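The values are calculated or read from the model by the stated rules, or taken from the named source; none is laboratory data. Keep in mind it's a predicted model, so treat the numbers as computed, not measured. Note that each Cβ is placed from the backbone with ideal geometry, even for glycine, and that neighbours are counted across all protein chains shown. SASA here: full protein model, heavy atoms, side chains in, ligands and nucleic acids out. Shrake-Rupley method; radii C 1.70, N 1.55, O 1.52, S 1.80 Å.
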Amino acid sequence: FAEIPQLEPKKMTLSRAATRRRDGQIRKIRFIVAKKAHLNPKVEGDVYIELPEEANCPPGMCGKLNFWLYGFRPPAAAWEKLYSEELEGAGFIRGTSCGAVFYHPIRDISCVFHGDDFTFCGIEEDLIWIRDLMATWFEIQVRALLGPDEKDDEEVVFGGRIVTWTE
């Protein structure tokens, strides 16, 4: 089991981006995908698998997993534990009503997570900070940075939905 947010936390994040901060700074939205997400967490405990014939092992030999493989049930929960620990270690607080929502009170960054997709909302300087930090944890792909500046992206397809930045 792994926590999956409803659509409302994503809508909340988009609404935050459309709302100016009290200091007048503009929030932007950064979309990041963690590549091979469920292969990142290490296996806790002993999990053994039957090796395929092409491994050319003697009869009765098996393999011990160090990292989870796709197709197993525990990887989603292990992945949730891993990314949560990393975010919380960086100063994020996990949501109480939805465990897939995080907030960094010092940097004013909100985050909604779904599967291997992270949606962050904050000022550009802080979004650069979290992007660079995540790149030390996982192999990531930055999908877009939506915002009003000319260099910012205006549209992204993320989670099967089109998100567009307009005036």
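Would you mind finding the longest exposed-site-free stretch of the chain, with exposed chymotrypsin sites (Phe, Trp or Tyr not before Pro) meaning DSSP loop and at most 16 other Cβ atoms within 10 Å?
Details: sites that count: F1, Y70, F72.
With a cap of 16 other Cβ atoms within 10 Å, the longest stretch comes to 73-167.
Per residue, how much accessible area does the stretch 1-149 have with a 1.4 Å probe, in Å²?
On the way: 8480 Å² over 149 residues.
Spelled out: the 1.4 Å probe surface of the stretch 1-149, per residue, equals 57 Å².
Could you please tell me the mean projected area of the C-alpha convex hull for the stretch 35-167, averaged over all directions and given in square nanometres to one decimal?
On the way: hull surface 44.3 nm².
So the Cα hull casts an average projection of 11.1 nm².
Over the chain, what is the relative contact order in whole percent, taking alpha-carbon pairs under 8 Å and six or more residues apart?
Details: 267 pairs, mean separation 49.5, N = 167.
Value for the chain: 30 percent.
Probe radius 1.4 Å, ligands and nucleic acids left out: which of R143, R30 has the largest accessible area, and how do the rest follow? Intermediate values should be presented prior to the final figure.
Numbers: R143 95, R30 15 Å².
These residues rank, largest area first, as R143, R30.
Label 7 Å along Cα→Cβ of I93; the stretch 110-130 residues with amide nitrogen under 15 Å?
Once the point is set 7 Å along Cα→Cβ of I93, 110-111 turn out to lie under 15 Å by backbone N, inside the stretch 110-130.
Would you list the P(r) distribution for the stretch 65-110, with all Cα-Cα distances sorted into 5 Å bins from 0 and each bin expressed as a whole %?
5, 20, 24, 19, 12, 11, 6, 2
Of the beta bridges DSSP finds with both residues in the chain, what % are antiparallel, to the nearest 5?
Numbers: 31 of 32 bridges.
In the chain, approximately 95 percent of DSSP beta bridges are antiparallel ones.
How large is the Kirkwood hydrodynamic radius of the stretch 95-167, counting all unique pairs of alpha carbons, in Å?
Values: mean 1/r = 0.0746 Å⁻¹.
Over the stretch 95-167, the inverse of the mean reciprocal pair distance is 13.4 Å.
Among M12, T164, P59, whose Cα projects farthest towards the positive end of the dipole of the chain, with charges put on the beta-carbon of Lys, Arg (+1) and Asp, Glu (-1)?
After comparing all options, I get M12.
Net charge near L69, counting Lys/Arg +1 and Asp/Glu -1 over other residues with Cβ under 13 Å of its Cβ? Could you put the intermediate results ahead of the total?
On the way: positive: K36, K42, K64, R73; negative: E50.
Taking every other residue near L69 into account, the sum is +3.
Eigenvalues of the Cα gyration tensor times 5, then square-rooted: what semi-axes does that give for the stretch 7-98, in whole angstrom, largest first?
On the way: eigenvalues 353, 35, 24 Å².
Values for the stretch 7-98, descending: 42, 13, 11 Å.
Eight or more residues apart or on different chains, and alpha-carbon atoms under 18 Å: count the Lys pairs in the chain matching that.
On the way: K10/K28; K11/K28; K28/K151; K35/K81; K36/K81; K42/K64; K42/K81.
Here the count comes out as 7.
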